[in-house]
Amino acid sequence: MKHVLTVAGLLAFSIPYACQGLSPRVITISLLILLFSYTMLLPSLKSLIATLADNPLLSLLMLYIAASCLWAEQEQTSSLLMVLKFLAFSTFGLYLVTHYTTQGCIRLLVVALSILSILNLLAVLLVPSFAIHGGVEHTGLWKGISGHKNTLGTLSLLSFVSHVIYFFRGKHKVLHIGFILLNALLLIECQSTTSLVLTSSLFVFILFILLFKRIRSIALRGFFISCSCLLVLLGLVFTFTYGDAIASEFGKTTTLTGRTEIWQGIGGAIQSHYWFGHGYGSYWAARPSIYANGIRFDLTSSHSGFRDLWIDVGLTGLLVTITIAITTLFKFRIGKADMYTWLTAAVFFLFIILNNITDSRFLNSLSIYWIIFMVIVIKVQERHKLAVAEKTNSTALNTQSLH
């Protein structure tokens, strides 16, 4: 029953209908999940305190985001409700990491994403008027129950790459092929350019790691890395040289579908609350109109997670988040033990970092992205701490044997 409720919580945080906005429905779901998480965490307070103590920067960031309601420009009740939602999905993330191993966390995330893929397909087939974009923008493109084609693309991407990794693991291959094909269909039909580019990039990264781990010779590994770096460099040169032509072939522009213009337009909002931000969710709650190059944009985010953090919690919160991300990347190790679990975690974490460059996937979006970020940061720190302890013990034993 605990596993079922956990997957249900992950699904709730992956569906806009259940976790976006401040409707009575969303607040009720948040309260129920907060109560469940609190009930599960209460008997394991020592483990929770140890987890928070081992991740001081993440703990500080969560407290800081919650405290930002004190200076938020939004109406006080709405600001407190935003903090309530944040506490609900952050507490759920803490429950997840204290009650499950890394393998258990990743497996539950993959199960939830797989169920979500099935629900998205069923929605398109059974309720096309709801699950397919109509009107002026994105007409005919799939959005499923995810609310938007880009959201469907990012969630399908995560499901796709996780099943590719588990396919190489060698168990239940037919099942994984089925989900790979299902998510490939969703990615094609939603036509999210960002998701397709990231899917290709992460797929190449997966192949690189799997091939690298199969090479035993140190010399061959060095040659493999050198060739890979050269190919990446050539790819970047080609992209920068022919970027305009490539973008035009796909009906895009180098403004990233207007994103660069939006980023220019929010410069004033960032400057006016430079260090501490407008308060979590406060600025975008008013649905401001952004003007750039004579174009008006009515938005609920800047289409950049890093810029949204800057607007919400200022440069202070942004720098703390970037520090956490960089230190986590440096601590990552994809060893032979449970390689596929840690490869999935690495791909998920890279997705969070890369996708937040051109889309908002930290806080002003579905809660599942923040939960993934939290889980991986904490689990990487757990593994790093264990590795340091083992190394210290090994050094001590070697010293004793010499004496």
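Taking amide H positions as placed 1.01 Å from N in the peptide plane, with prolines and chain starts having none, which residues 5 or more places from residue 290, or on another chain, fall under 5 Å of its amide H?
297, 298, 299
With an 8 Å cut-off on Cα pairs and a minimum separation of 6 or more residues, tell me the relative contact order of the chain in percent.
20 percent
To the nearest whole percent, what portion of all C-alpha pairs in the chain is separated by more than 29 angstrom?
For the chain, the share of Cα pairs beyond 29 Å comes to 48 percent.
Around residue 19, what is the net charge, scoring Lys/Arg as +1 and Asp/Glu as -1 over all other residues with Cβ under 13 Å from its Cβ? Walk me through the numbers before you get to the answer.
Values: positive: 25, 85; negative: none.
Taking every other residue near residue 19 into account, the sum is +2.
Counting Lys and Arg as +1 and Asp and Glu as -1, what is the net charge of the other residues whose Cβ lies under 14 Å from the Cβ of residue 82?
Residues close to residue 82 contribute a combined charge of -3.
Output ³J(HN,Hα) for segment 154-167: one whole-Hz value per residue in order, computed from phi by the Karplus curve 6.51 cos²θ - 1.76 cosθ + 1.60 with θ = phi - 60°, and x for Gly and Pro.
Result, ordered by residue: 5, 5, 5, 4, 4, 5, 4, 5, 5, 6, 4, 5, 5, 4 Hz.
Accessible area of the chain with a 1.4 Å probe: how many percent of it is carbon plus sulfur?
Ligands and nucleic acids excluded, carbon and sulfur give 70 percent.
Just to confirm, what accessible area per residue do you get for the chain at 1.4 Å probe, in whole Å²?
49 Å²
For every helix of n ≥ 4 consecutive DSSP H residues, a contribution of -39,500 (n - 2.57) applies; sum these over the chain, divide by its total residues, and give [θ] at 222 nm rounded to the nearest 500 deg cm²/dmol.
So the calculated ellipticity at 222 nm is -25000 deg cm²/dmol.
Name the lysines eligible as straight-distance cross-link partners of residue 46: C-alpha to C-alpha under 20 Å, and not fewer than 8 places from it in the same chain.
379, 385
Apply the Karplus parameterisation 6.51 cos²θ - 1.76 cosθ + 1.60, with θ equal to phi minus 60°, to every residue of segment 24-29 and state each ³J(HN,Hα) to the nearest whole Hz, in sequence, with x for glycine and proline.
Ordered by residue, 3J(HN,Hα) equals x, 4, 5, 5, 5, 4 Hz.
Apply the Karplus curve 6.51 cos²θ - 1.76 cosθ + 1.60, θ = phi - 60°, to the phi angles in segment 40-48 and return the couplings in whole Hz, x for Gly and Pro.
6, 7, 4, x, 10, 5, 4, 5, 5
Computed over the Cα atoms, what is the radius of gyration of segment 1-55 divided by 2.2 N^0.38 Å, N being its residue count? Kindly include the intermediate steps, with their values, before the conclusion.
Numbers: Rg = 13.3 Å, N = 55, 2.2 N^0.38 = 10.1 Å.
The value comes to 1.32.
Please list, ordered by chain and number, the residues whose modelled amide H lies under 5 Å from the amide H of residue 303; skip anything fewer than 5 residues away on the same chain.
When sequence neighbours closer than 5 places are left aside, the close amide H contacts are 360.
The values are calculated or read from the model by the stated rules, or taken from the named source; none is laboratory data. All figures in this text were calculated on a predicted structure; none of them were measured in a lab. Please note: Cβ atoms are built from the backbone with ideal geometry, for glycine as well, and neighbour counts cover all protein chains shown. Just the protein is used for accessible areas: all its heavy atoms, side chains included, with ligands, DNA and RNA removed. Shrake-Rupley method; radii C 1.70, N 1.55, O 1.52, S 1.80 Å.
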